[in-house]
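Presented below is the structure to which this report refers.
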Amino acid sequence: MIYLIRHVTTYSYAEPVLVAYHHAHLTPRGFDGQSCRRSSLRIHPAPTLLDETGSDYFGNRVAFFTLQEAHRTLTVEATSRVEVHPRALPAPGETPPWETVAAMLRAANGPTLLDAMEFTFDSPFIPCGDPALLAYAAPSFPPERPILAGLLDLMHRLYRDFTYDPAATTLATPILRVLAEKRGVCQDFAHLAIGCLRALGLAARYVSGYLLTRPPPGREKLRGSDASHAWLSAWVPGAGWIDLDPTNDCIPGKEHITTAWGRDYGDVSPLRGVVLGGGDHSLKVAVDVEAL
Amino acid sequence: MSMEPSEQGCLPGAFRLGYPLLRGRWDEMVDGDGTLRPHWEPLMGALAALPAAEMERRWAGGQRLIRENGVTYNVYGDPRGLDRPWQLDPVPMILPAREWRGIAAALAQRARLLNRILADLYGPRTLLAQGLLPPALAFAHPGYLRPLRGVTPRDGIYLHFYAVDIARAPNGQWQVMSDRCEAPSGAGYALENRVIISRILNDLMKSYAVEPLTPFFQTLRDDLAALSPRSRETPRTVLLTPGPYNETYFEHAYLARHLGFTLVEAEDLTVRDGRVFLKTLDGLQPVDVILRRTDAAFCDPVELRGDSALGVAGLVQAVRAGTVVVANMLGSGVVEGGCLAPFLPALSRHLLGEDLAMPGVPSWWCGHDADRAQVLERLDKLVIRPFLTSGGRGTLRFGEHLNSAGREDLAAAIRRRPGDFLAQARPKFSTVPVWGKGELDPRPMMLRVFLAAHDGDYAAMPGGLARIASERDGLIVSMQQGGGSKDCWVLGERQARPATASRPKAAPVRLVRGSLDLPSRVADNLFWFGRHVERTEDMARLLRAILSRLDEGADGGGADELPMAAELLRRVFRPPQKTRTIGAFALMAFDPAHADGLAATVQRVGRMASLVRDRLSADTWRAVGRLAETVDAQDDGNRLNHEDALSALNDVVLAGEALSGLAMENMTRGLSWRFVDIGRRLERAVHVVETLSGALAYKDGVAGPELDVLLEISDSTITYRSRYFSAPQFAPVLDLLLADESNPRSLAFQIVALSAHMEQLAVTRRSVFYGPEQRLAIWLSGAVRTADLLALCRPDEDGGYHNLEGFLETLRSKLWELSETLTRDYFTHAVSRSSAPAALREPQP
């Protein structure tokens, strides 16, 4: 499947911004699950400095830009053409017991496991020390259960137990509150699932990207009506990283487009920045995912 | 004739001093038989010869120096914590030359090793891949800054400045207790300790060849400057501090001054075009090297912690581009925290091909299954510190202090999150003698040693910060926990030399006159420092004039002025409700809770002074301290002794004058002085206008006695009498206070001074046009010079002075405008203060 993705972010400021520093994860990365055919970044007003050739610690593509001219609005438009190659999933019953995976990761040696090991620890948005996480995860991971079966069960339960509610949380809502109140958005569900898995000693990472949506039957798809999306990926020996989307209770296949991954949202937020001046600001995001 | 061997080298008067030996510990001064170690003989001999009273006298002098120099240490979680005086013991710790050489070499090896580990963790990470280091120690450490991976610092140096705590075990062996690799503190305190001890023990120091400390700092300064990415004659090095609320802010200011670096806070720096600049009054000046005291994670809100207000947006990108060098390298803190310790012997052999020269205190990382089992077995004998979540800075828990339930809880926590904990053995630290009331008493000690990257290796500061527990059997040696400190003398191998050798040798410097390197924030603070000092003095004069008349009033004289005086007081002190009695005004003035009172203003003077401390002379700092003490002493709740208050007000006026005198005489006529003086002049100008308006507002008009008060609070009585030889009249008084350019208290005098200042500031504008602040100064000067005073002081038909009131009102608003203009054009420097840097993030639905 080939997709054309347009992601437009607009910041409007009450007062002029004098200097702005931005850091963007807006260009989809390439890996064995997809290839990014073409991408462009258009920034208005034109930045004083722009560096979009770099990649970050996790191998994601990253752009830095600085604006040194006073401005009241900032528009960043990222356009990419991505081909997704869905991968075959192993049979859940044939994956190793989850305890075996946890033990492998605990004793990790060698460069391959190192990459998975990285994602077994606390991270700024996902502290995993609270027993409540382990308690929530436990029913999905009885002794000796194959890891993928456990992962699927945890995803189903999260989907069943939690309500999608954009009004319930903000960027600052801790995952324990999400767990207690059972409401949130894709970012919260991904963080929570990752926290549960890391509490078990498993490796899980946060994936930022897009999802193809369909308009209600008989209606035209509205321009800009899509959104960026987030899910998680868990490490399964032999199969590598397997994506899980607890917001939609599905294994991402050909309709999820990956932009970047990291330990949590903080590593891969689509557009972050620090501005001097500006006063109050408002943010508008419009995303279109079009299947070609 | 032979002497008894036990007498030779015995502590002279050891039993008189009554120094007890603590069981099971090494003592630095006395060996196991109670014999004085040879390197302590000269000091103890001299101390014993010194009458106790003489020592007490000298030590009282030392403590006064500490207070007056404002040596402080902030203690978190203590309401009086901010600025607690530094704790120093007069008896130094002494290390013989040979022993020191061993320590310095061992610690230099350790620094090289840590630097190599950092280079691996931020580079190929082969140590993790080969299993020489558990990956958790990097991955889970909050100090592992991923954006810095792959960024190689200049010359491969990650660790420029390193501190290490060592302690001596009962068998005499030194052991490493912990490493400080993020932004080590203490070297400045060690230097200040030396300054004070060499002052009070000058003669005793002469009997030793004590290694001086300052060459170490000169080398550090030169080496840091040499890191500059631009090859330039005078690279700009700054010391980045998190600010005055940091526990060791005193040291930041002290070191900055000692090293000749500009002390900056994050808001003084900005990144433009991928380079770091200092925001000065002269515009943006490039910065080449940053010696940081801010934890790296807080140094850049764009790529590191987004919640940091202490960071410089874009700094990581500048480091990546190599346009600036940050020392220590961002991310160096990952080798701090202690969990590396169990792995260092093997890493030393692997990376350096050498055995580790100084052992670490035995320690176990609970993330290792075998180690954890051992730890759980002997929890009661170990110290446990949380590691992963805090980077080793969490609270220590002593197994022996826990009851069985507490120990069970701790064991459960370790089992749940084993990788989170580090266990250390707790050797009994060696003891050193501490001076107290004419006696010496043993206290456990830990020594912090400082090393700096130099010439491909590490050089140690000969000496260190010896820290002592607050009790004989104290387990914790920490300034946060109430311990004290000592100077540490490393004995040189050369001939004894005078103690003055510790004075800084004149390093060759380029001659510079005047500098525009004044950060805008500092200019702002200096301006307000000047304003608050002047306001303090004005308030004290006013209150004094009135309180002294209250006394006269009791026996008939002087009572006439009191209603007007109350009007003036109301204008200056802005009481919340209708305060009537003069006594009530005085009480309010000394009540620090009243925001417009004298005490609160003095507090502001202190706060502003602490913000610009590195710009003020030691004398100025002392004068600020004295001012605060004078006012504090009067705040005793609800009573105020009339006599005491008057005498306190006299002291305040004197202290205020001393401060302005110091500024006049001791500050070079650079920008720092200029902004203090602008503040003072502007405040005094406003005060003259306020006072005159207040006098006019008093409905019974301005006659003789009121004019007396006006002259007195403006310190112009003598001038008037010497000119007019008669009771004061309105027109000449007005002329003297408003228009007389030769009276240093007049409005005209202030405006002349302000005009000159604006003129000089405008030089930095590099524009042929008058700036707004110049135009205001010119307007004010014209208005005062051309005012028709005789017309202005002619009363209207209703007995009022409406023209004069209007004139004063205009002057007041122009003065206010001048203050605002300065703030806008010079202090905020293109960034409005109301909007601190804001972090933006796009959420994901």
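Placing unit charges on the Cβ atoms of the charged side chains and taking the dipole of the range B:669-829 about its Cα centre, the candidate lying farthest along the positive direction among B:Ala783, B:Ile678, B:Leu815 is B:Ile678. Our helix-only sum for the protein assembly as shown, with -39,500 (n - 2.57) per DSSP H run of n ≥ 4 divided by its residues, gives a mean residue ellipticity at 222 nm of -11500 deg cm²/dmol.
Treating each Cα of the protein assembly as shown as an identical point scatterer and summing with the Debye formula, the log10 of I(q)/I(0) at q = 0.07 Å⁻¹ comes to -0.82. Only the Cβ atoms of Lys and Arg (+1) and of Asp and Glu (-1) were treated as charged; on that basis the dipole of chain A about its Cα centre amounts to roughly 500 debye. Ordering A:Trp231, B:Trp100, B:Trp174 from the fewest to the most neighbouring beta carbons within 10 Å gives B:Trp174, B:Trp100, A:Trp231. In plain terms, if you count all Cα to Cα distances in the range B:118-197 and split them into 10 Å steps from zero, the share in each step is 14, 32, 32, 17, 5, 0 percent. Sparse packing (at most 16 other Cβ atoms within 10 Å of the Cβ) combined with a DSSP loop state is found for the following GluC sites (Glu not before Pro) in the range A:58-166: A:Glu69, A:Glu144. Here the Karplus relation 6.51 cos²θ - 1.76 cosθ + 1.60, evaluated at θ = phi - 60°, turns the backbone of the range A:176-182 into coupling constants of 5, 5, 4, 5, 6, 9, 6 Hz, with x for every Gly and Pro.
In terms of packing, defined here as the mean over residues of other Cβ atoms within 10 angstrom, the peptides A:206-217, B:352-363 line up highest first as A:206-217, B:352-363. The mean number of partner chain beta-carbon atoms within 10 angstrom of a residue's beta-carbon across peptide B:314-325 is 2. log₁₀ I(q)/I(0) of the range B:362-425 at q = 0.24 Å⁻¹, via Debye over equal Cα point scatterers, no solvent, to two decimals? So the normalised log intensities work out to -0.98.
Taking the empirical scaling 2.2 N^0.38 Å for compact globular proteins as reference, the range A:173-292 has a Cα radius of gyration ratio of 1.20.
The mean number of partner chain beta-carbon atoms within 10 angstrom of a residue's beta-carbon across peptide A:47-54 is 2. Projecting the Cα atoms of B:Leu291, B:Val375, B:Pro153 onto the dipole axis of the protein assembly as shown, where Lys and Arg carry +1 and Asp and Glu carry -1 at the beta carbon, places B:Pro153 farthest toward the positive end. Local charge for B:Pro96 was computed over the other residues whose Cβ lies under 13 Å away, with Lys and Arg +1 and Asp and Glu -1, and equals -2. Across peptide A:274-285, the average count of Cβ atoms from other chains found within 10 Å of a residue's Cβ is 5.
Note on the protein assembly as shown: Lys pairs 8 or more places apart or on different chains, Cα atoms under 30 Å apart, count 18.
No lab work stands behind these numbers, since they all come straight from the coordinates. Note that the structure is predicted; figures quoted are calculated from it, not measured. Don't worry about glycine lacking a Cβ; one is built from the backbone with ideal geometry, like all the others, and counts go over all protein chains shown.
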